[in-house]
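Every read-out reported here was derived from the displayed coordinates using simple, explicitly stated rules and does not represent laboratory data. Everything numeric here is computed off the predicted structure, so don't read it as measured data. Quick reminder, even Gly has a Cβ in these numbers, built from the backbone with ideal geometry, and neighbours come from all protein chains shown.
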Amino acid sequence: MCGIIGYTGPLQAKDVLLNGLSQLEYRGYDSAGIAYFGPETDVHVVKTTGKVAQLRELCKSVREESHCGIGHTRWATHGGVTVENAHPHQAGKVTLIHNGIIENYHQLTVDFQLEGKLISQTDSEVAARVLDAIYDGDPLASIRRLIPLLEGSYGFCILFSDHPGEIYAVRNVSPLVAAYTHSGSIIASDLTALIPYTKKYAVVPENKIVRLTPYRMEFYEMDGQPARPEFLEVNWDTDAAMKNGFPHFMLKEIHEQPEALKNTILPRLSRGLPDFGEDKIPDALFARCSQIRIVACGTAMHAGMVARAVMEPLLRIPVLVSVASEFRYEDPLVSEETLTIVISQSGETIDTLAALRLAKELGSRVLSVVNVKGSTIARESDFVLYTHAGPEIAVASTKAYSVQLAALYMIACRMALVRGKMTEEEGAAFMKDLLDVIPAMEEMLRQSEEIKNIVRPLVDKPDAFFIGRNLDYAFSLEGALKLKEISYIHADAYAAGELKHGTIALIADQVPVIALATQDRVFSKMISNVREVKARGAYVILITKNGAEAAADLADVRIRIPDLHDRFTVFPIAVVLQLIAYYASLLKGLDVDQPRNLAKSVTVE
Ligand code: F6R
């Protein structure tokens, strides 16, 4: 979680840090702080609870020039939201910022007799004090001694007050990317902070130490030998990480979906069929497995649920979906014959990463569907299918979900072709249907105003229910998550047939029910379920295909999506459900892009 940045070079460090923190704020926004070398080579810290805007206000009184510093925006893990717990933390000559969790902080507190000396309740301050205790004037050697003492995940940026102009960094699990540019050296937990300065960056390898100076960027192995990082080039620019006239990133990203889908699908089409040659994913991977395990968290896991509902009937092999944080502890049945598909926008979600490692340990080959190039999950997977959504900044995932679906549908199609479950003709028809979702999404985007009006009666309600059958149930799960995370309306999704086994007790007068009825095969059964909730007074928003016949009195409001094959209705539905959540949050006056208690990239377990 947490966003971290370090800069040393000719520019004003304060400005670079504050601007970088604004870009990184989606990673955490409980508190923020910077530390910089003053003209007397002393290190100054400014920090506050609240958002980067508050830190910016506070920094207005900073008049002195500085060309080297570090900055942090926090998502609280250890210790509440207080100024003391905000980063940077200082101990003697050491000032550091940290992303991750030091699991053995308590033991270190005992071993280094820190009891009574700690100002904050954070594990990060413990790391700062331990480093100060072992610091002997040689930053590289001291960091080398620190690393074996730490258990857990970390990305650190460190200033030593007797080494002005230099930033040291090291990481384990938690991400760090760095670049040397004509405007100095810069390091951050996320690319978005780097792209105003450069498109070429290095992924800081785990357990290597980086030294940044205004003139160079050096990487060292733990034994002190120089190390060579991998350099990558990002294919999006600063505009992609700006709002471009939209009031919120979320709305911008909802609108970017048709383009993101084109970018993900079109380069991988060869004679109308999916072709992963450029991605170096061999057909043998699809031919030889006897089961598929899909592992992911949150929205990415919901994309997996949809993929499961498409893949299993098509491929006729078991396809199981697991929440990544559970997968590790359910003693999963995984072997050399299993293909594990890992889905992650950020490529850094720690639970997903741990699940990936376990699947590999158990002999499975891992194919990941990832948005962020060079991320840890991408690098540790056997094969990667990158989604080309561009940067997703809003905490609530939107375009990442639809491109994940597109990538998974392409995998399903390729696999069906390879396994003889589809002819080339059927494959081409499948891919044509997939491309047809793009205008269907555009059509729903044009109905934004109508959807906003439909949402109005929901905003003062404490609860909402999403119901659907078959694929519609998988879509409902995502609709409910989206609504609750940004509008704080309690929302849950149910398989419509399951309602009468308990949940229908909660349906009373004017309780909102968003009913998805886009699956022809179960349409009439679904309509019966809608009647059941309507008969108990529910306020029903019914989503059907354009041509579907439904009695006028069945629903309070009806939203119609284009007539697509059942498998593909998820794409326009995703737009509708995202807009429902967006407008609910907006009409309630909430912080759409940065909802409370959340962070974009979940790098703690
Ligand atoms: C919800 C949301 C989260 C993420 C989840 C996984 O809107 O964004 O549920 O989907 O934290 O994140 P990634 O895909 O980065 O692994």
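Okay, here's what the table says:
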| quantity | calculated |
| --- | --- |
| Hydrodynamic radius (Kirkwood) for the range 443-506, which is based on Cα pairs only, to one decimal in Å | 12.8 |
| Rounded to the nearest 20 debye, dipole of the range 66-170 from Cβ charges on Lys, Arg, Asp, Glu | 140 |
| Global geometry of the range 165-208, whether rounded, prolate or oblate, following the gyration tensor of its Cα atoms and the 1.5 cut on a/c | oblate |
| Partners for residue 200 among lysines (Cα-Cα distance below 17 Å; same-chain residues under 8 apart left out) | 373 |
| Cα gyration tensor category, rounded, prolate or oblate, for the range 414-468 with a/c compared to 1.5 | oblate |
| Those GluC sites (Glu not before Pro) in the range 312-355 that DSSP places in a loop and that have at most 14 other beta carbons within 10 Å | 330, 336, 337 |
| Label-point separation, residue 172 to residue 110 (7 Å along Cα→Cβ), nm | 1.9 |
| Column: log10 I(q)/I(0), Debye, Cα scatterers of the range 253-338, q = 0.12 Å⁻¹ | -0.49 |
| Cleavage-rule hits, trypsin sites (Lys or Arg not before Pro), the range 52-84, DSSP coil, Cβ neighbours within 10 Å at most 16 | 60, 63 |
| DSSP bridge pairs, the chain: antiparallel proportion in percent, nearest 5 | 60 |
| For the range 161-285, with +1 on Lys and Arg beta carbons and -1 on Asp and Glu, the positive-most of 217, 264, 178 along the dipole | 264 |
| The range 470-573: relative contact order in percent, alpha carbon pairs under 8 Å with at least 6 residues between | 25 |
| FRET E, pair residue 266, residue 425, Förster distance 22 Å, beta-carbon r, rounded to 0.05 | 0.60 |
| In order through the range 146-157: 3J(HN,Hα) via Karplus (6.51 cos²θ - 1.76 cosθ + 1.60), integer Hz, x for Gly, Pro | 5, 3, x, 7, 9, 10, x, 10, 7, x, 10, 10 |
| In the range 245-342, chymotrypsin sites (Phe, Trp or Tyr not before Pro) in a DSSP loop with at most 14 other beta-carbon atoms within 10 Å | 329 |
| Segment residue 53-residue 552, length gained on full extension (0.36 nm per residue, minus Cα span) | 174.7 nm |
| Farthest positive-ward along the chain dipole, Cα basis, beta-carbon charges - from 295, 16, 422 | 422 |
| Cut-off 14 Å between beta-carbons: net charge of the residues surrounding residue 375, Lys and Arg +1, Asp and Glu -1 | -1 |
| Residues whose placed amide H lies under 5 Å from that of residue 176, excluding near-sequence neighbours | 204 |
| Size of the chain as Cα extents on the principal axes (Å, biggest first) | 77, 53, 44 |
| Reachable lysines, given that their alpha-carbon falls under 27 Å from the alpha-carbon of residue 588 and they are not under 8 places away in the same chain | 51, 243, 252, 399, 452, 461, 482, 484, 534, 600 |
| Relative contact order (percent, whole number), the chain, Cα cutoff 8 Å, 6+ residue spacing | 12 |
| Tensor-based shape of the range 367-414 (alpha-carbon gyration tensor, a/c under 1.5 rounded, otherwise prolate or oblate) | oblate |
| Candidate lysines for bridging to residue 117, where Cα separation is under 19 Å - those fewer than 8 sequence places away on the same chain excluded | 93 |
| Dipole magnitude of the chain about its Cα centre (Cβ charges: Lys, Arg +1; Asp, Glu -1), debye to nearest 20 | 860 |
| Highest-first arrangement of 176-184, 565-573, 364-372, where packing means the average Cβ count within 10 Å | 364-372, 565-573, 176-184 |
| Structure-based [θ]222 nm, the chain - -39500 (n - 2.57) summed over DSSP H runs of at least 4, per residue, nearest 500 | -10500 deg cm²/dmol |
